[in-house]
Structure formats: structure tokens, C-alpha cells
Amino acid sequence: MPRFYLTTPIYYANDAPHVGTAYTTVNADALARWHRLIGDETKFLTGTDEHGQKVADAAAKNGQSPQEWTDLKSQQFRDAWAALDIQYDDFIRTTEPRHYESVQKFLTAIYDNGYIYKDTYKGLYCVSCEDYYTIETSVEGKCPIHGRDLIEMEEENWFFRLSAFEEQLKEHYAAHPGFVTPETKRNEALSFINGGLRDISITRTSISWGVPVPWDDAHVFYVWYDALINYLTAIGYGRDDDEVAKWWPCSHHLIGKEIIRFHCVWWPAMCMAAGIGPVSHVQVHGWLLLGGQKLSKTMASEGAVRLTDIAPIELTNEFGVDPIRYYLLRETALGNDGDFSHEGILARYNTDLANNLGNLVARVTTVVATKCDGVATAPRGDSPLRAPAELAIEESAKAWNGFAPQSALEATWGLIGATNAYLEQLAPWKMEPGAELNAVMGDALEAIRLVAILSTPAMPKVCEEIWRRIGLSGAPSDEVFSVSAIWGQYRSGATIQKSEPLFPRMKSDA
Ligand code: MSP
């Protein structure tokens, strides 16, 4: 059975979940659900990044210990993901003992392999990025991402010999063209490598909130250096070699574009240094923008609405869980930046969901309920809907497999459009009851069944409801995809009733 291991970045536990982090998590969840649907053995990991100066500062500011603070914040992420129907298989916290164990073993392997040495670090640091800068990489002494003042740092630190991996990384990229997607982001990662790699300071002595360095009590690991290892902790690195061997060869990271250097340069080099192969694939996505800016707390101007202020729960309360999931998946292709707006959600809701999908289900169930005695008929083998259905299945599967939920949904909506056009052309609501009407309805019910299967990774609850409305039991995700996603599987005889709209239209002042 094929396997699929997918991760999100682990989110900093200094802040609350917001639309940006929800974007990554919903995309990852839909991709994981797709792989479960097609029968892959799937593991989906998310979690919280709980060390570092930023988290320690936030805890102190709120009068709590870092542990109390991260307990609270980590729970907020779990709650937000529950509200968005995120079905993760594991949620990792970097303060867990299992993580300490894996980090210490992984870094000791790098140390033993001779890639860690002691030196003095002198330079600039941005607490928001938890990243080092030089005068050249800063913007007039300020952080290029957050615009905040950089801190001058001078410490005796342990360093990772990243520079030793330049050639090996170039070779890895050349041998694995699909290592980082999309191609523009792969080129960005490669240009970091081609620009020359400097060794990185990987420990700190000025803070104590971190994983202790096993060979030197005075140091804790620099937060990024422990965080990246979470992807291996969760599959048992240093504790269960069989699990690592099982999952690492089919591992995929979904990340935002601002953390390419960490995931596509540092992390593969760290794995090479520890004697384990790099992750198999990194899928990079763009930023959701509100008014053209990514808008982190530190950057936004006083009083402005910030993306990071919008809690996912506010949106799901207003529009429903699956419509928000649909919007996040459908509006912006993974890899591009996209605009986030209430108007955009409303437009998708009213057009794609209420007018296209909702209306299709309502029309078909109403005609069957009122003109066919509420009894469904099987589709025809030579139905005019068969070709558009087969195209939607093929294109949508290809897109889901290729980390492109937006295109997958676009292909599925192609089938919805073709079915609505077919119904408008034949106007079954005006047809006489009889065999011809029954056959047309059988074709439309089959198209709806296939739409429910193809959309279930995006809108699991709605698709379950559609399943029920077309007289089927269970859920589309219970099906064996390779058997059920074939034209002609819908059986005659199901009972169908008229029901409430799936997506009542919403007004723009809603
Ligand atoms: N803790 C690190 C990641 C460590 S992974 C080993 C971190 N955390 S974060 O809380 O800042 O989350 C960053 C991730 O959140 C981004 O990579 C991206 O996936 C997501 N997003 C945050 N803001 C976003 C947008 N405005 N738009 C889209 N995604 C955004 O970095």
C-alpha cells in the first residue's frame, strides 16, 4: 500500500491561530484526506513550536512561565483545528520528552560526525523571525521581514558546518528535480545555495528556554535547530528505526514561502550531516494577503485590521466550516500569493456553493421527490454526462496528487457546471413523468455522487450530507476510491426527499 507522510510547519506558541496558519493547515488536511480516500496509508502531522526567545518573551509579558504559556497556546491551536475539522494523526509539541530525546540524539549524531564546532558569534538577530542577519542582509539595520530593530548579539556558540554541504545540496537538487515545488520556489532555494553557505550558530547561552545541548550544559539549542527535527521526532527518530524507515521515504513538508531557507537548505543539510536522507519533497505555498501585505503583528500599522487578528472561528461562525475550508482551498493556488477578503468568501459562497453545487442538489432531489415518486434510477452507460464526469475524475485526481487542491476543485466544478447545463437544456422540471425523466435524473444523481466523492477532502461534512440526500448510507470517504469513482456505480431504488437548501444564499451585509 502506498504511504504518504505530510507535515505543516509547527506554529509558534507565542500567538493565536489566525487565517494565515489556517490556510496551511486546511490545505494540508485536505491533501491528507485525499490520500486516505485513495487508500494510501497516511500520516498527517501538525503541532506547535514552543521554544525560543519570542515565546519566552511572550510568556514573561503575560506573567506566566514559558511552560504555562505554551500549554495554553498549544491548546488554542488544537481548538482552532478542531473547529476547522482538521483530522491530524499526531500533534507534536516541542516541549514533549519524545522531542527532547530525538533532538538530542539527532544533534549528537551530527556532533559525532564532526560537523559541529565552537566559535564566537557576533551579529544581528531578529526575535520575530528567530533568525540571524548581517548588516548586508538587513534593511538599514532593521529586519527585512518585520521592520523591527535587530538585536546585536555576541556569544560563544556551537556552530553547524553548513558550508560543508554546498556541493552535496547542489547534487541533491540536480538528482531530484521535484524536491521543492513549485519550480519558482525551487529556484529560490537553489539561489540561496549557489550564493554560498555560511556556517550557522545553533546554540544560545543567553536564554535557557530550549532543548539542552547534551555535550555542553551552558547551552540550549537555537529554536530553529530543535524545531525542524520535529518532523523526525513524530516518526520515532532515535526511538523506533522501523517507523522512521517506514515514513521518511514518503515524507512531504507543506510550508510558507518565508521559511524556504530553513526547510530547503538547512534542513536537508542537517539530515545529510546526521546520516539520514533529506525529506522527499517540500511543497511551498505563498502568503494570503490582506490589502496587499502579509501583515504580521509587528508590521501592521496602528488600528489597521490585520490578517493575524482574524481568528478562524470568527469566519466559521459566520460562513460555516466547510465553506471556509472551500474558500481557503479554492481561491488561491498553492505556490501563489492570494488576497483574503470577506467579499471573496461571500462571492465563492454564493456562486460556487449556493448557485452551482447547492442548486444542483436541490434541483435534482426536488424533481426526483416530486415527479419520480422519490425513487432514484440508475445512470445510463451512454449518458452525455459520462464524458465530463470521467474528465473531472481524471483531472481532479491528478491535481490532488500534484498538491493542487485549487485545480482539483476547479475540475470538480467543471462537472457541476456540465450537469447544471444538461439540466437547463432538458428542463426535467417540465418533463412528463416516465422512463426518459427517470433516466435523466439517474444521470444527474450519478454526477452528484461523483462530485461528493471528489469534494470530500475539501468539504467532508457537506459531502456526507449530499451523500445522505441522494439516498446513500455512510460517507463518500468510506468508499474505496478506485471502485467507486467510476461512472455507473449509482444504483436504482434509493429513496430521495426534498430538503432544505444546502447553502442558503447570504447577503453582502451578512
Ligand atoms: N515556527 C516556525 C516554523 C517551524 S517549522 C519547523 C514558524 N511558525 S509561524 O507560526 O510563524 O508559522 C509560519 C507558517 O504559517 C508559514 O510558513 C505559513 O505556512 C503560515 N502562515 C502564516 N501567515 C501566513 C499568511 N499570511 N499566509 C499564508 N500562510 C501563512 O514560522
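The values are calculated or read from the model by the stated rules, or taken from the named source; none is laboratory data. Keep in mind that what you see is a predicted model, and the values were worked out from it rather than measured. When we count neighbours, we look across all protein chains shown, and the Cβ atoms used for this are built from the backbone with ideal geometry, even at glycine. Areas reflect the complete protein model, heavy atoms only, side chains present, ligands, DNA and RNA absent. Shrake-Rupley method; radii C 1.70, N 1.55, O 1.52, S 1.80 Å.
Numerical summary
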| quantity | calculated |
| --- | --- |
| So R36, is it more than 23 Å from I202 (Cβ to Cβ), open to solvent by 10 Å² or more (accessible area, probe 1.4 Å) and touching a Ser or Thr at 6+ places or on another chain (Cβ under 6 Å) | yes |
| One residue from A304, A311 being under 11 Å from H18 (Cα atoms), away from the ligand (no atom under 13 Å from the Cβ) and modelled with pLDDT under 95 | A311 |
| Selection count, the stretch 51-79, where residues are charged (D, E, K, R) and within 29 Å of T332 (Cβ to Cβ) | 4 |
| Pairs with Cβ under 6 Å, 6+ apart, first in the stretch 236-263 and more than 16 Å from the ligand (Cβ to nearest atom), second among the hydroxyl-bearing types (S, T, Y) and part of a loop (DSSP other than H, G, I, E, B) | V244/Y237 |
| Candidate set from the stretch 58-104 (those that are of a type in the set (F, W, Y) and more than 20 Å from P312 (Cβ to Cβ)); member that is surrounded by the fewest Cβ atoms within 10 Å (Cβ to Cβ) | Y100 |
| Residues (part of a helix (DSSP H, G or I) and open to solvent by less than 10 Å² (accessible area, probe 1.4 Å)) located in the stretch 368-387 | V368 |
| Out of T137, T181, sole residue that is over 25 Å from H252 (Cα atoms) and either polar (S, T, N, Q) or within 29 Å of the chain's Cα centre (by Cα) (or both) | T137 |
| Boolean, K43 is within 25 Å of Y225 (Cβ to Cβ), touching an Asp or Glu at 6+ places or on another chain (Cβ under 8 Å) and modelled with pLDDT of 95 or more | yes |
| Test: residue in the stretch 226-235 that is polar (S, T, N, Q), assigned by TED's automatic domain parsing to the domain that holds A59, more than 13 Å from the ligand (Cβ to nearest atom) and closer than 25 Å to A59 by Cα | no |
| Residues of the stretch 470-510 satisfying the condition of being among the hydroxyl-bearing types (S, T, Y) and either without any contact (Cβ under 8 Å) to a residue 60 or more places away in the chain or open to solvent by 60 Å² or more (accessible area, probe 1.4 Å) (or both) | S473, S477, S482, S484, S492, T495, S508 |
| Residue within the stretch 290-301 that is in contact with a helix residue (DSSP H, G or I) (Cβ under 6 Å, 6 or more places away or on another chain) and at pLDDT 95 or above present | no |
| Selection within the stretch 317-334 - within 25 Å of G402 (Cβ to Cβ) and out of contact with any His (no Cβ under 6 Å at 6 or more places or on another chain) | D322, P323, I324, R325, Y326, Y327, L328, L329, R330, E331, T332, A333 |
| Given (1) part of a helix (DSSP H, G or I); (2) touching a helix residue (DSSP H, G or I) at 6+ places or on another chain (Cβ under 6 Å); (3) open to solvent by 10 Å² or more (accessible area, probe 1.4 Å), number of the condition T419 does not satisfy | (3) |
| Some residue of the stretch 452-469 being buried (at least 24 other Cβ atoms within 10 Å of the Cβ), part of a helix (DSSP H, G or I), in the same structural domain as A354 (by TED's automatic domain parsing) and without any contact (Cβ under 8 Å) to a residue 40 or more places away in the chain | yes |
| Subset tally (residues that are near the ligand (Cβ under 10 Å from one of its atoms) and not polar (S, T, N, Q)) for the stretch 17-41 | 7 |
| Condition met for E390 (at pLDDT below 95, surrounded by fewer than 20 Cβ atoms within 10 Å (Cβ to Cβ) and among the acidic types (D, E)) | no |
| Failed criterion for V55 (all others in (1) open to solvent by less than 10 Å² (accessible area, probe 1.4 Å); (2) modelled with pLDDT of 95 or more hold) | (2) |
| Residue within the stretch 326-346 that is under 27 Å from T21 (Cβ atoms), at pLDDT 95 or above, away from the ligand (no atom under 16 Å from the Cβ) and open to solvent by less than 10 Å² (accessible area, probe 1.4 Å) present | yes |
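Every residue, every condition in (1) in a loop (DSSP other than H, G, I, E, B); (2) modelled with pLDDT of 95 or more; (3) over 21 Å from V220 (Cβ atoms), yes or no:
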| site | (1), (2), (3) |
| --- | --- |
| S102 | no, yes, no |
| Y117 | no, yes, no |
| G123 | no, no, no |
| E136 | yes, no, yes |
| H146 | yes, no, yes |
| N157 | no, no, no |
| H172 | no, yes, yes |
